[in-house]
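Notes for the one structure printed next.
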Amino acid sequence: MGETQMVTLTIEGRKVSVASGTSILEAAKAAGVLVPHYCYHPGLPVAGVCRMCLVEVEKAPKLAPACASAVAEGQVVHVHSEKALEARKGVLEFLLINHPLDCPICDQAGECELQDYTYREGRSEGRLQEPKRFNPMEDFGGDVLYVTNRCILCTRCVRFMDDVAGEPVLNVSERGDRAIIGKFEGADLTHAWAGNVIDLCPVGALVSKDFLNKARAWELDRTPSICPNCTQGCNSIVETRDNFVVRTRARPNDEVNKYYMCDHGRLNYRWMNEQNRLEAPLVRQGERLVAADWSTAVDHAAKLLNGKRAVVLASPMLSNESLWMLSKLIRKTGGLGLFTVETGPEAPLLGVPDLALRAERAANVRGAEMFGFERSSSPLDGIQSGDVLVIADVGGMPLEIDPSALARASASIVIGTTLPEDARSATVVLPVTNVTEEEGTFTNVHGRVQRYLQARAAPGMARPAWWALGDLLEAMGDAAGYFLASEVFTALAGASPEFAGMSYESLGLKGARLQGSRQPAETTG
Amino acid sequence: MAIGVKVLDRPTEQVSYVRAMLSGMALTFKHMIDPHKVTVQYPEEKWPISPRWRGTHRMLTDETGKSKCVACGLCPQICPANCIKLVPGEDEEGNRYPLIYEIDEFRCIFCGYCQEVCPEEAIHVGRHYENSEYSRAGFVYDLERLTAQTHPVCEMWDPDDPKGE
């Protein structure tokens with residue numbers, strides 16, 4: 001790679017140096033100035049159709065579209081000059097000629113760029129007397145509903161399907177003021193990544209059928225998270241309303257998922273709100289499982305494990321922290337760690353290297369392997385008589401428990417979000433939190449360790465699995481457990497060479513690669 | 001004496017109360033025979049209240065008797081007392097409408113912001129002040145109750161003088 005030439009220019013009175021060839025819009029972003037735009041998106045090819053990003057460049061005869069103009073040395077750019085504001089006001093007025101003012105019933109209201117920019121730069125009153133254009137809504141298939149009237153024809157969706165998804169299904173049909181986004185005859189938006197057009201749409205023209213009329217944008221609490229639905233580990237935002245997850249969306253991360261997230265990950269969030277959760281530790285008394293407090297249950301579990309070999313069946317949806325604590329339990333008892341994982345068809349996104357909905361549908365398969373858990377299709381065969389079966393299940397694990405295997409075990413302990421029907425004979429049950437209710441890290445398929453944060457309150461007395469396991473190990477004679485996920489992670493980083501030098505601070509919200517793991521681009525060559 | 005306080009001369013010796021009492025009685029008897037009455041025979045009679053009176057809410061309905069609310073969520077957002085509960089949903093025709101719309105009139109401070117913010121002119125504060133219930137729960141008005149209210153609604157501003165000049 002040669003030296004990139006740097007260009008210095010002034011934007012709104014701020015000097016900034018960017019690589020030559022950068023657009024004015026990106027340079028302005030670097031300078032901390034937002035140039036309003038609709039058709040431009042950093043993940044898509046530049047189209048320059050919306051004319052919203054017009055800025056004034058000194059000594060240039062006309063206003064320049066910031067998205068399609070490259071920076072030049074010594075340029076002086078005015079984003080908010082009178083001329084530029086006047087031009088953008090005109091653009092907004094044209095866009096609003098046919099855009100219905102149905103914000104009260106529009107799902108995009110509150111996160112709509114047309115709303116934002118009109119509020120900031122547009123006219124306060126419309127001058128148009130003529131009736132607005134009307135076109136019926138169209139179901140685009142998949143999760144996408146096209147509300148034709150609201151479309152401002154920025155063509156982000158068309159470019160996404162053409163250039164990123166590689167399945168050109170959408171086009172601009174008709175001409176002039178009759179132009180709408182059309183779908184090719186017989187084709188549907190059923191691509192595994194088609195849901196991204198909903199995020200890309202700057203207005204409420206493409207809306208999610210799943211999210212339709214469910215909540216308003218400003219009522220949602222947003223938490224940075226990691227999509228737990230496959231090993232890819234796309235960065236996501238979990239949006240909750242009154243402690244219920246109502247939507248998950250992509251969180252940009254250039255190293256993993258760019259700006260995208262697949263439909264499977266996007267829509268597979270209902271299990272996070274499950275209502276049949278374990279809420280209190282349970283201890284067997286004769287035929288029945290009776291609710292107990294944590295210390296009683298943990299002491300009981302420690303007694304069961306005393307001197308026995310623990311066969312741990314772990315869910316690959318557990319965090320690194322919890323898996324590490326489980327591996328400590330295994331080492332202590334001389335036991336065995338196993339996992340199974342749900343699988344499904346793989347669905348790559350062509351436009352982004354190394355991004356796919358992976359076949360293994362759980363977030364931390366790599367982590368489970370790293371901490372010494374073995375993949376097994378029949379995990380219960382290894383149980384010898386006298387072993388204690390520990391089932392750590394937070395989802396993502398097909399679980400079929402053979403009663404005969406269970407009978408061989410001297411006891412079984414369930415550390416889980418729910419109590420599986422097959423495991424009703426458990427001796428001790430410890431309720432734990434799922435991915436949205438705890439803080440932790442996952443290791444993705446390329447060995448990238450990424451943090452997720454707590455998005456909702458845990459049900460009842462449920463605790464993160466690492467906490468429950470720390471208490472259990474303490475009851476079995478180990479050192480005291482941990483109070484924070486970050487403390488577990490620091491201890492883990494100190495003990496495992498792959499994680500050397502990592503901490504929650506150094507991971508940030510974008511994650512970091514494990515020591516010795518290859519660049520994602522190299523893995524496929 | 002700077003601000004004109006009037007200091008009465010205190011009586012230095014005992015004075016009779018008879019004269020003062022008689023003048024007081026005279027006033028009382030005058031009102032007995034005076035036809036001008038100030039007392040309002042509430043509840044048979046009521047004072048007129050201002051057209052801008054803000055009382056318990058009323059939800060207006062369209063021609064078909066359905067509430068005009070489209071569950072846009074602005075009133076729970078603007079409500080400073082946080083007394084409006086709204087859960088949006090879809091009706092049979094796929095239109096957005098409130099699945100749950102409840103106003104806790106006990107919590108409400110009757111500021112009228114909900115009426116002012118409503119883009120559909122659905123929720124209104126009413127010109128009404130007689131509220132009594134047998135239980136606290138009775139003051140949580142649901143959509144059915146809000147649409148069933150019949151009292152006149154508040155005019156936030158004088159139609160002849162919308163800017164209040």
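List of remarks:
- For the residues of B:70-78, the average number of beta carbons from a partner chain within 10 Å of their own beta carbon is 4.
- Share of pairwise Cα separations in region A:384-525, more than 25 Å, in percent: 42
- Take each residue of peptide A:213-219, count the partner chain Cβ atoms within 10 Å of its Cβ, and average: the result is 5.
- Around the Cα centre of the protein assembly as shown, unit charges on the Cβ atoms of Lys, Arg, Asp and Glu (plus for the first two, minus for the last two) sum to a dipole of about 1100 debye.
- Taken one residue at a time, the phi angles of region B:121-133 give Karplus couplings (6.51, -1.76, 1.60, θ = phi - 60°) of 6, 9, 7, 9, 8, x, 8, 7, 9, 8, 10, 8, 9 Hz. Gly and Pro are set to x.
- Pairs from the table (A:LYS62/A:LYS83; B:LYS68/B:LYS163; A:LYS308/A:LYS328; A:LYS303/A:LYS328; A:LYS214/B:LYS85; B:LYS46/B:LYS66) lying more than 21 angstrom apart at Cα are B:LYS68/B:LYS163; B:LYS46/B:LYS66.
- Residues B:ASP62, B:ASP104, arranged from fewest to most other Cβ atoms within 10 angstrom of their Cβ, appear as B:ASP62, B:ASP104.
- For region B:10-137, the percent of C-alpha pairs falling in each 5 Å distance bin, counted from 0 to the bin holding the largest distance, reads 2, 8, 13, 14, 12, 9, 7, 5, 5, 5, 5, 5, 4, 3, 2, 1, 0, 0, 0.
- Charge dipole magnitude, Cβ of K and R +1, D and E -1 - region A:282-524, Cα centre, debye nearest 20: 220
- Aspartates and glutamates with Cα under 19 Å of B:LYS37, excluding same-chain neighbours fewer than 8 positions away: B:GLU45
- Take each peptide in B:131-139, A:53-61, count the other Cβ atoms within 10 Å of every residue, and average; sorted highest first, the result is A:53-61, B:131-139.
- In the frame of its principal axes, region A:6-80 has Cα extents of 27, 25, 18 Å, reported largest first.
- Helix axis angle, B:18-33 relative to chain B longest principal axis, alpha carbon, degrees: 40
- FRET efficiency, 1/(1 + (r/R0)^6) with R0 45 Å, evaluated for B:ARG19 and B:ALA81 via beta carbons: 0.20
- Built amide H within the under 5 Å cut-off of A:PHE371, gap 5+: none
- Proximal aspartates and glutamates relative to A:LYS89, as straight alpha-carbon distance under 16 Å, when same-chain residues fewer than 8 apart are discounted: A:GLU56, A:GLU113, A:ASP116, A:GLU121, A:GLU125
- According to the Cα-based calculation, Rg over Rh for region A:282-524 is 0.97, with Rh computed by the Kirkwood formula.
- Cα→Cβ-extended label distance, 7 Å offset, between A:LEU484 and B:SER135, nm: 4.7
- Remark: A:THR148, A:THR4, A:THR417, A:THR340 ranked as A:THR4, A:THR148, A:THR340, A:THR417, counting other beta-carbon atoms within 10 Å and listing the fewest first.
- Between the amide H of A:GLY182 and those of A:ASN171, A:VAL172, A:SER173, distances stay under 5 Å, these residues lying 5 or more places away or on another chain, with hydrogens modeled in the peptide plane.
- Converting phi to 3J(HN,Hα) with the Karplus coefficients 6.51, -1.76 and 1.60 and the offset θ = phi - 60°, region A:344-354 yields x, x, 7, 9, x, 9, 4, x, 10, x, 6 Hz in sequence order, with x at every glycine or proline.
- Listed from fewest to most Cβ neighbours within 10 Å, the set B:CYS69, B:CYS79 follows the order B:CYS79, B:CYS69.
- Taking the square roots of 5 times each eigenvalue of the Cα gyration tensor of chain A, largest first, gives ellipsoid semi-axes of 51, 25, 20 Å.
- Magnitude of the charge dipole, region B:55-148, Cβ model with Lys/Arg +1 and Asp/Glu -1, debye to 20: 360
Taken together, the values in this text are just the output of simple stated rules run on the coordinates, not laboratory data. In this text, all values refer to a predicted model and were calculated from it rather than measured experimentally. Here Cβ is always computed from backbone atoms with ideal geometry, including for glycine, and neighbour counts include all displayed protein chains.
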